[in-house]
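Accompanying notes for the structure given below.
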Amino acid sequence: MLGVINVRDKRSNNLSKVYGVRRSLASSSSAWERIEDAVGLVANAQVGTTAVRNDFDSIYPWSDIITCNYNNSTKKVTAYYGDANFSFTGGTNIQVMTIIPEFYYRRYVSDGYEYVLISKDKLSGFIQSKEFMIGRYTMSGSASGVYSRSGQAPFVNKTIAEFRQYAKNLGAGWSQLDWHYFLIQLLYLVEYADYNIQSKIGPGHTNANNTAAKSSGGCNSLGMKSGTPVKNDTNSVIYRGIEDLYGNIWQFFDGINIKNYQAYINYNPSSYASDVFDGDYQKLGYVNSSTSGSYITALGYDPKHPLVGLPTDVNGSSNSYMTDYYWTANENRIALVGGPWLDSVRCGLWYWHVHWTGTDYNASVGARLLKTS
């Protein structure tokens with residue numbers, strides 16, 4: 001496989017930029033090394049409204065990530081964050097969504113290193129990520145209608161199949177969180193160059209004992225900045241216009257099914273279903289770790305599915321390797337990500353729960369909307 005230096009040599013023109021990170025597969029550190037045009041860049045997260053330096057605020061695609069009001073009746077954006085008529089609380093038929101613009105990425109392993117590269121341009125070996133919208137907030141509402149809006153309690157106590165149907169009820173192109181989550185991971189990694197998102201962005205609402213989940217909107221004051229209103233473990237966090245990617249509640253991850261630790265990935269929302277291991281569900285070229293209840297130390301890599309990195313080894317800690325936790329079990333399982341309000345330092349962007357079946361549900365598990373067309 002081509003090394004990172006050859007990516008530079010293969011650029012289509014001298015104006016193309018590649019922002020990347022790499023990490024030794026033998027390293028126990030959560031940190032990544034900045035490479036290519038990311039060398040020397042700085043990314044800080046905001047606490048409250050105090051401005052901080054983040055060079056990625058002016059670098060595409062991070063610069064063009066924006067929250068909007070989307071009218072699901074007219075199928076049009078009615079306002080963007082910063083417009084006079086923009087509203088965090090939405091309204092009739094209005095969803096508050098964050099637009100992730102088109103970009104190109106490359107994740108690969110070579111000579112003992114893992115590389116993640118992002119570019120605005122289509123370059124040799126890079127894969128297109130088409131523009132999509134993701135809920136700024138976790139899904140709220142009821143069986144009669146779901147939405148992403150501020151000031152709402154998370155919708156919980158439903159199965160993955162029920163949330164799948166609620167999203168579909170909104171119309172064509174709607175689904176719940178799926179493989180696009182891996183794209184968010186890549187954007188975060190290149191920006192902050194560290195697996196430990198709790199140390200970089202904030203702990204999140206992760207240490208509230210037996211209290212209920214927070215209502216959405218705790219990070220509205222940050223606008224499009226990443227960070228937290230107060231850097232403690234009882235406040236929400238936001239990354240690039242996506243609130244509570246981890247903490248507050250677990251979120252279902254659709255399109256992944258696991259059978260006896262072997263994962264299958266599906267990229268087609270129209271055929272998502274639990275306990276299916278053929279058709280659009282494609283077998284990954286590695287097997288997940290069978291050890292449950294430990295911190296992750298390695299993520300799998302399949303060149304046929306380079307975006308998908310699931311836990312293959314554990315026995316780490318909350319401040320080493322991936323810094324996040326992993327639960328699993330044999331037989332047929334589904335996936336949850338992020339972690340709830342009571343899991344403390346276990347939570348993060350790489351916290352995987354593949355211990356549940358497709359019929360399980362409880363008060364700490366919800367969903368997040370996606371719009372892909």
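Details
- Solvent-accessible area, 1.4 Å probe, carbon plus sulfur percent, for region 111-238: 44
- C-alpha center-to-center spacing [region 182-215, region 250-324] in angstrom: 19
- With a threshold of 26 Å on the Cα-Cα distance, the over-threshold entries among Lys130/Lys225; Lys76/Lys122; Lys259/Lys371 are Lys76/Lys122; Lys259/Lys371.
- FRET E, pair Phe277, Phe86, Förster distance 45 Å, beta-carbon r, rounded to 0.05: 0.55
- Extending 7 Å from the Cα toward the beta-carbon at both Ser292 and Thr359 defines two label points whose distance is 1.7 nm.
- Violating pairs (Cα-Cα greater than 28 angstrom) within the set Lys17/Lys200; Lys75/Lys231; Lys214/Lys304: Lys75/Lys231; Lys214/Lys304
- Solvent-accessible heavy-atom area per residue, rounded to whole Å², over region 233-330 at 1.4 Å: 33
- Relative pair counts by distance (%), Cα atoms of region 306-360, 5 Å bins: 4, 18, 28, 24, 18, 6, 1
- One compactness figure for the chain is 0.92, namely its Cα radius of gyration divided by 2.2 N^0.38 Å.
- Prolate/oblate/rounded label for region 193-257 (Cα gyration tensor, a/c 1.5): rounded
- With each label modelled as a point 7 angstrom along the Cα→C-beta vector, the Ser142-Asp111 pair spans 6.1 nm.
- Straightening the chain between Ala172 and Ser24 buys 49.1 nm, computed as 0.36 nm per residue apart minus the Cα-Cα spacing.
- Relative contact order (%) - criterion: Cα under 8 Å, at least six apart; region: the chain: 19
- Translational diffusion coefficient of region 156-224 (Stokes-Einstein, Kirkwood radius from Cα pairs, 4 °C, 1.567 mPa s): 85 µm²/s.
- Hits among aspartates and glutamates - C-alpha to C-alpha of Lys168 under 17 Å, sequence gap 8 or more where chains match: Asp178, Asp254
- Whether region 106-217 is rounded, prolate or oblate, judged on the alpha carbon gyration tensor where a/c under 1.5 counts as rounded: oblate
- With helices as the sole contributors, the chain gives -2500 deg cm²/dmol at 222 nm; each DSSP H run of n ≥ 4 counts as -39500 (n - 2.57), and the sum is divided by every residue.
The values are calculated or read from the model by the stated rules, or taken from the named source; none is laboratory data. Predicted model only: the values in this text are computed from it and were never measured. Counting neighbours? That spans all protein chains shown, and the Cβs are built from the backbone with ideal geometry, glycine included. The area values use the complete protein model at the heavy-atom level, side chains included, leaving out ligands, DNA and RNA. Shrake-Rupley method; radii C 1.70, N 1.55, O 1.52, S 1.80 Å.
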